[in-house]
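A.B. asks: Encoded as structure tokens, here's the structure I'll be asking about.
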Amino acid sequence: MNNPLDQTTPQTTPNADIASLFSGELSANPFPFFAQMREMGAVVPIPFPIGGDIRAWMVTRIEEAVRILKDHEHFTVDPRSIGADDFLRQRFAGTSDDTFTARSSMISVDEPDHRRLRGLVSKVFTPRYMESLRSRVQEIADELLDEVQGQGQMDIVESYAFPLPINVISEMLGVPKKDRPQIRAWSEAMVTGGGMMGRSEDGIAGMRAFSTYTRHLVAEKRKQPQNDLISQLIAIEEEGDRLSEMELLSMITLLIFAGHETTSNLIGLGTLMLLDHSDQLAMLKADLSLVPSAVEELLRFNGPVTMPVPRFATEDIELAGQQIKKGDVLITALISANRDERQFTDPDELNIARTLNRHVAFGQGIHICLGAPLARLEGDIAFTTLLKRMPNVHLSVPRETITWRVSGNLRGLTVLPVAF
Ligand code: HEM
């Protein structure tokens, strides 16, 4: 690596490392790589993952990460707003208006559209509203464990971590039960066939199929509205001036996708982290009131989202000694910021009783995760119920056989076989 103090020559990370990061090869343990990056600087030039002459930077430390995510004047999520639409076309290569997932949802637009879109659904994602869902989420968790309790073993990913969040978000939105396995397959294709390196054919096909599905679902609900969030959003769209059809479709796809993919990884990955740290697991089992704090620590220690949507500089600006130019791309490495030794004591240690834990696993600023209260509730119930009902839970395969889903910016496991 280059000398981090030598500011006279531009420092770039070796292409091979960055390529393996974005292709997901480093999924199992990206932390030594990020530790080196943090040492190199808070804002480090990197080769642009999908090529082209765009200048890209990786933001490695927490102070700068928060600054960028909160500074909506100098950084935008929407390359169209600075005339850099080519990036979008490259990034989602092969997509068009029939695959609208990322084009018009709140996560890809700035104010004032962002506020308008988020405002339409924010009431059903408040911590208070979430508490009203607690007993239903608990029922779902218990039903899932009822199915496997007698078998003495299960794949946590298949039987618990995946179905819990997708059943919850689907009930909120009104997605029929029979469609949920198919949604999982499309999401899987989108996760493993997409990301910072551009999209594979499977990824594009998954996106298209998911988009077509959402269109059909909306058409069905238009004919027969029900007491669910999708029907409420359709009613708003039909009023005419607060939500366009494209925004409606994008919003629904985003909520379904973000509503299960991430939390499912928190539950799977979080369980593995607890099994890896037997002292922490024992402490938690002895006092389940520590679960909410354990959830925060698991999010910090090994959160499911490596990086949020890239930001673009809206004008030339100096950042951590680097000259950022208008149009440059900034990739904020949340999982690096969450291990920043400037903020956390012993950052590489899992400490479920950590008191000062201001992590950025949910992002920061106006795009901070809408579903964080839901994810926290699901995490709380998932770990509490698992440890209460199966206190003897342990891996049933050798640790080294656990495989990771290969994805550029989301992290999770393919399977997690346990016995109990
Ligand atoms: C452990 C679970 C989760 C993690 C780690 C997570 C992480 C994140 C992060 C980092 C962002 C910021 C993206 C950015 O700034 O570019 C985000 C945004 C978002 N998340 Fe989550 N998320 C989780 C669960 C959920 C759930 C359950 C939902 C439910 C619908 C959800 C819905 C959203 C939405 C709609 C946004 C966009 C918000 C906006 O742009 O205003 N997420 N999430």
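A.B. asks: Tell me the Kirkwood hydrodynamic radius of region 250-373 in angstroms, computed as one over the mean inverse distance between distinct C-alpha pairs.
C.D. replies: After inverting the pairwise mean of 1/r, the radius is 16.2 Å.
A.B. asks: Rg over Rh of the chain, using C-alpha atoms and the Kirkwood radius, what does it come to?
C.D. replies: 0.95
A.B. asks: Between residue 36 and residue 241, take the C-beta separation as r, use R0 = 60 Å, and let me know the FRET efficiency to the nearest 0.05.
C.D. replies: So the FRET efficiency works out to roughly 0.75.
A.B. asks: Where in region 379-404 does the amide nitrogen come within less than 20 Å of the point 7 Å from the Cα of residue 278, taken along Cα to Cβ?
C.D. replies: Of the residues in region 379-404, 387-388, 390-402 have backbone N under 20 Å from the label point off residue 278.
A.B. asks: Would you calculate a helix-derived [θ] at 222 nm for the chain, using -39,500 (n - 2.57) for each DSSP H run of n ≥ 4 and dividing by the full residue count, to the nearest 500?
C.D. replies: So the helix-based figure for the chain works out to -15000 deg cm²/dmol.
A.B. asks: Report the residues of region 133-157 in range of a label on residue 231: point 7 Å along Cα→C-beta, backbone N strictly under 20 Å from it.
C.D. replies: In region 133-157, the label zone of residue 231 (backbone N under 20 Å from the point 7 Å along Cα→Cβ) covers 133, 136.
A.B. asks: Next question, about the same structure. Which residues does a label at residue 285 reach in region 391-420, if reach means a backbone N under 18 Å from a point 7 Å past the Cα toward the Cβ?
C.D. replies: Answer for region 391-420: 391-397, 399, 417-420.
A.B. asks: Report the gain in length on full extension from residue 63 to residue 326: 0.36 nm times residue separation, minus Cα-Cα distance, nm rounded to one decimal.
C.D. replies: Additional length available on full extension: 92.6 nm.
A.B. asks: Hey, another quick one. So which of 70/221; 123/178; 70/388; 70/223; 123/223 end up more than 31 Å apart by C-alpha? Spell out each step's value before the answer.
C.D. replies: Values: 70/221 37 Å; 123/178 28 Å; 70/388 39 Å; 70/223 41 Å; 123/223 25 Å.
Result: 70/221; 70/388; 70/223 exceed 31 Å.
Readers should treat all values here as calculations from the given coordinates under stated rules, not as data from a laboratory. Predicted model only: the values in this text are computed from it and were never measured. So basically every Cβ, Gly included, is an ideal-geometry build from the backbone, and we count neighbours across all protein chains shown.
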